C-alpha cells in the first residue's frame with residue numbers, strides 16, 4: 001500500500017476486485033465483492049479471486065471483522081477506491097475525500113454468495129497434471145492481474161484438461177489465490193479420456 005496519512009483507511013487502489021465480479025442481474029450476489037472472515041472474494045463464474053483483506057488494505061482488525069459476511073456491489077467497490085478514507089458501519093461503507101463524502105450500502109443480507117472457498121479447496125485438492133494444450137479466454141488473465149493482490153509474478157498450477165488453473169503469488173507472505181476456468185474443449189476432453 002502507498003503511504004497514507006495516519007488514521008486514513010481503504011483498500012489498495014491497485015487491487016481492482018470489482019473486475020472479477022459478474023455483470024449479470026440473474027446472479028445479483030455474484031455482482032458483489034464478498035467479505036468472509038479475513039478474506040475478500042470476487043467471481044463471475046469463470047474466474048475467482050481471493051485476497052486476504054489485511055494484505056490488500058490497511059484496515060484494522062475491527063474494520064475487517066465488521067465486513068464479515070457482507071456483500072458490496074462491484075460498482076460501489078470500484079467507486080470506494082476513489083476515496084482516501086473509509087469507515088465501516090453495519091449498513092455500509094462511508095467514504096471521504098477532502099470535502100467529498102459518499103455512503104455505499106451493503107447488498108441485501110438475504111443474498112447468498114456461492115461457496116467460493118469450497119470451489120477453491122476442491123480445485124486445490126486435485127493433483128497437478130502436465131497438459132499438452134489448454135484453451136482459455138486471454139481476457140481473464142488481464143482481469144486476474146488487476147483483481148488479485150500481488151500477482152504480477154505468479155505460479156500457475158494446472159489441474160487438468162477442462163479444469164481450473166490456480167494462481168499463487170510468488171511474493172513471500174502473500175496468500176492471495178486465483179482460479180481461472182478454461183474454455184471447454186470437447187476435442188481435448190476426448191484426448192484426455
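Some notes on this structure:
- Index of the failed condition, residue 46 passing every other in (1) surrounded by fewer than 15 Cβ atoms within 10 Å (Cβ to Cβ); (2) at pLDDT below 95: (1)
- Within segment 165-180, being closer than 11 Å to residue 145 by Cα and free of Cβ contacts under 8 Å to residues at least 60 places away in the same chain holds for 167, 169.
Yes or no, residue by residue, for (1) out of contact with any helix residue (DSSP H, G or I) (no Cβ under 9 Å at 6 or more places or on another chain); (2) part of a strand (DSSP E or B); (3) farther than 24 Å from residue 141 by Cβ:
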residue: 19; (1), (2), (3): no, no, no
residue: 22; (1), (2), (3): no, no, no
residue: 29; (1), (2), (3): yes, no, yes
residue: 35; (1), (2), (3): no, yes, yes
residue: 40; (1), (2), (3): no, yes, no
residue: 45; (1), (2), (3): no, no, no
residue: 48; (1), (2), (3): no, yes, no
residue: 51; (1), (2), (3): no, yes, no
residue: 55; (1), (2), (3): yes, no, no
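- Only one of the listed residues (78, 112, 50, 70) is more than 15 Å from residue 147 (Cβ to Cβ), under 19 Å from the mean Cα position of the chain (by Cα) and in contact (Cβ under 8 Å) with a residue 60 or more places away in the chain. That residue is 112.
- So residue 167, is it within 13 Å of the chain's Cα centre (by Cα), outside any helix (DSSP H, G or I) and under 19 Å from residue 43 (Cα atoms): yes
- Count - residues of segment 170-182 that are part of a loop (DSSP other than H, G, I, E, B) and within 15 Å of the chain's Cα centre (by Cα): 4
The values are calculated or read from the model by the stated rules, or taken from the named source; none is laboratory data. Since we're looking at a predicted model, the values are computed, not measured. So basically every Cβ, Gly included, is an ideal-geometry build from the backbone, and we count neighbours across all protein chains shown.
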